[in-house]
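K.L.:
First, the structure itself, so that you have it in front of you.
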Amino acid sequence: MLIDILNSNNFGSYNRTVAQIFGLNAAVYCSELLNVYKKAQIKNKLVDNNYFKVDRKWMFKMTTLSIEEQLVIDQNLMKLSIISKHEDDPDVINFDFNKLVSIAICDDDNTLEKISRKVKIKSPKGVKDSKRTRMIFILMPLI
């Protein structure tokens with residue numbers, strides 16, 4: 001039914017404070033990482049008790065962020081030690097939720113401004129939209 005398209009299973013949420021600091025895409029991505037972590041923890045699928053596997057295609061489906069955009073956000077979060085990647089697999093991530101919360105509740109405007117500048121998302125150079133679109137269709141099954 002048409003009502004199923006608009007039901008709450010098709011909604012996502014994000015933290016506004018995180019969005020103000022890191023940007024909307026990063027806030028949505030962090031929110032979904034939290035969901036993946038919770039599922040991995042419940043299903044006892046954590047790697048080395050702290051890491052969890054990120055399925056990039058699933059993340060695209062849930063956030064509409066391309067793999068390229070996800071990796072750029074990963075790099076920015078790694079700059080602040082919010083996430084770290086497992087040495088064996090770059091898609092196995094440790095998310096330091098305490099670090100993210102400490103940044104989100106920070107009251108110092110200068111610190112937040114420095115953080116925002118440090119993680120400002122820039123478009124990757126040399127990637128044209130047509131090539132990017134072609135890559136997405138190659139890497140992702142049609143949804």
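K.L.:
For the range 58-107, what is the per residue volume of the convex hull drawn over the alpha-carbon atoms, in cubic angstrom?
P.N.:
Convex hull of Cα atoms, per residue: 93 Å³.
K.L.:
Taking 35 Å as R0, compute the FRET efficiency from the Cβ-Cβ separation of R117 and I42 and round it to 0.05.
P.N.:
Efficiency computed from Cβ-Cβ geometry: 0.40.
K.L.:
Okay, moving on. In the range 1-76, with Lys and Arg counted as +1 and Asp and Glu as -1 at Cβ, which of these residues, N15, V36, I67, has the Cα nearest the positive end of the dipole, that is, farthest along it?
P.N.:
The listed residue farthest towards the positive side: V36.
K.L.:
In the calculated pair distance distribution of the range 1-53, what percentage of Cα-Cα distances lie above 12 Å?
P.N.:
Value for the range 1-53: 69 percent of Cα pairs lie more than 12 Å apart.
K.L.:
With a probe of 1.4 Å, find how much accessible area the range 1-43 has per residue, and write the answer as a whole number in Å².
P.N.:
Accessible surface, normalised per residue, equals 73 Å².
K.L.:
Still on this structure, please answer the following. Starting from the alpha-carbon convex hull of the range 1-118, give the projected area averaged over all orientations, in nm².
P.N.:
8.4
K.L.:
Under a plain spin-label model, where a point goes 7 Å from the Cα along Cα-to-Cβ, how far apart in nm are K57 and S81?
P.N.:
3.6
K.L.:
Let me ask you something else. Of all GluC sites (Glu not before Pro) in the range 46-123, which ones are in loop regions per DSSP and have a Cβ with at most 12 other Cβ atoms within 10 Å?
P.N.:
Taking the range 46-123 and a limit of 12 other Cβ atoms within 10 Å, the loop GluC sites (Glu not before Pro) found are E87.
The values are calculated or read from the model by the stated rules, or taken from the named source; none is laboratory data. Quantities reported herein were computed from a predicted structural model and do not represent experimental measurements. Using ideal geometry, Cβ is built from the backbone for each residue, glycine included, and neighbour counts are taken over all protein chains shown. The area values use the complete protein model at the heavy-atom level, side chains included, leaving out ligands, DNA and RNA. Shrake-Rupley method; radii C 1.70, N 1.55, O 1.52, S 1.80 Å.
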